[in-house]
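These notes concern the structure reproduced below.
No lab work stands behind these numbers, since they all come straight from the coordinates. Note that the coordinates shown come from a computational prediction; the quantities given were computed from them, not determined experimentally. Methodologically, a virtual Cβ is constructed for each residue, glycine included, from the backbone with ideal geometry; neighbour enumeration extends over all protein chains shown.
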Amino acid sequence: MKHLIAPSILAADFGNLQRDCEMVNNSKADWFHIDVMDGVFVPNISYGMPVIKSIKETANKVLDVHLMIVDPDRYITKFKELGSDILTVHVEACNHLHRTIHAIKQEGMKAGVALNPHTPVSSISDVLNDLDLVCIMSVNPGFGGQSFIENTYKKVEQLRDLRNKTNSNFLIEIDGGVNLQNAPKLLSSGADVLVAGSFVFKSENPTQTISELKSI
Ligand code: DX5
Ligand code: ZN
């Protein structure tokens, strides 16, 4: 499978959100990556329901929603109504991760789990067969524009090996500090989906940057 590119809307220009969503629609990007932060699970607040509603009105690709919020079970139905295709939660935000994963799937969405830089791959070994996506955070969640943590490559390889061993078929997504320098090694380590925020939206020609990431 050719790898997928998911531009992170967190780095878009919110005064020109429709324009930036149209740029993603007309680019080689595969998904829209949408970061929801509550100021509790992470030390930052991003955007919520009305903004996602606006994104959905323009976006014509998969909505990959990354919840950096405590107790995400409270909002699973709401995110389905908003048009999420994939809903990703953090291990540490869920008391009963297995239940949360199945509640997401029950709503007809794909279920993802995100691992913080300090969270070992082994923490999800008992739910790997239930997952559609594992998001490896390559920065500490909460902000765009941070630098990539090198230990990520090792985790991607571990997760790919575990996927083979367990015969599971989730996608491996990398989120944070992704650019054209680290992307080739991430892909050869086993990544399937690259999230890129600043590297895309702060570049001179975002459409071309997406093409470059896609054609690695
Ligand atoms: C960080 C978010 C990322 C962020 C990535 O908490 O989960 O999705 O938008 O942004 P860059 O690519 O700028 O690191
Ligand atoms: Zn994210």
For segment 124-135, name all the residues that are among the hydrophobic types (A, V, I, L, M, F, W, C) and either more than 21 Å from R99 (Cα to Cα) or in a loop (DSSP other than H, G, I, E, B) (or both).
V127, L131
Number of positions in segment 152-185 that are over 16 Å from L133 (Cα atoms) and of a type in the set (A, V, I, L, M):
3
Checklist (1) touching a His at 6+ places or on another chain (Cβ under 7 Å); (2) among the charged types (D, E, K, R); (3) over 24 Å from K105 (Cα atoms) applied to D35, failing item
(3)
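For the condition surrounded by fewer than 18 Cβ atoms within 10 Å (Cβ to Cβ), closer than 21 Å to V24 by Cβ and within 8 Å of ligand 1 (Cβ to nearest atom), what is the one hit in G145, G176?
None of the other options fit; the residue is G145.
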Identify, by number, the condition in (1) in contact with a Leu (Cβ under 9 Å, 6 or more places away or on another chain); (2) not in a loop (DSSP other than H, G, I, E, B) that I216 doesn't meet.
(2)
Given the conditions (1) in contact with a strand residue (DSSP E or B) (Cβ under 9 Å, 6 or more places away or on another chain); (2) within 26 Å of V121 (Cβ to Cβ); (3) free of Cβ contacts under 8 Å to residues at least 40 places away in the same chain, and given that H98 satisfies all but one, which numbered condition is not satisfied?
(1)
For segment 58-79, give me the residue count where each residue is more than 16 Å from ligand 1 (Cβ to nearest atom), within 15 Å of H33 (Cα to Cα) and either touching a residue at least 60 places away in the same chain (Cβ under 8 Å) or not in a loop (DSSP other than H, G, I, E, B) (or both).
1
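Can you pull out every residue in segment 147-188 that is of a type in the set (G, A, S) and either under 19 Å from V113 (Cα atoms) or assigned to a loop (DSSP other than H, G, I, E, B) (or both)?
Within segment 147-188, S147, S168, G176, G177 meet the criteria.
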Restricting attention to segment 192-213, the residues that are in a loop (DSSP other than H, G, I, E, B), more than 21 Å from R19 (Cβ to Cβ) and within 14 Å of ligand 1 (Cβ to nearest atom) number exactly 0
Based on what the data block shows, is V139 hydrophobic (A, V, I, L, M, F, W, C) and either within 25 Å of E22 (Cβ to Cβ) or touching a residue at least 60 places away in the same chain (Cβ under 8 Å) (or both)?
no
Residue list for segment 21-55, filter: more than 16 Å from ligand 2 (Cβ to nearest atom), of a type in the set (D, E, K, R) and either more than 14 Å from G83 (Cβ to Cβ) or surrounded by 17 or more Cβ atoms within 10 Å (Cβ to Cβ) (or both):
E22, K28
Please go through segment 117-138 and give me each residue that is buried (at least 18 other Cβ atoms within 10 Å of the Cβ) and within 17 Å of A93 (Cα to Cα), ordered by number.
V121, I124, V127, L131, L133, V134, C135, I136, M137
Can you name the number of the only condition in (1) part of a loop (DSSP other than H, G, I, E, B); (2) among the aromatic types (F, W, Y); (3) more than 30 Å from K154 (Cβ to Cβ) that F41 fails?
(3)
Among the residues in segment 1-9, are any within 15 Å of ligand 2 (Cβ to nearest atom), assigned to a helix (DSSP H, G or I) and buried (at least 20 other Cβ atoms within 10 Å of the Cβ)?
yes
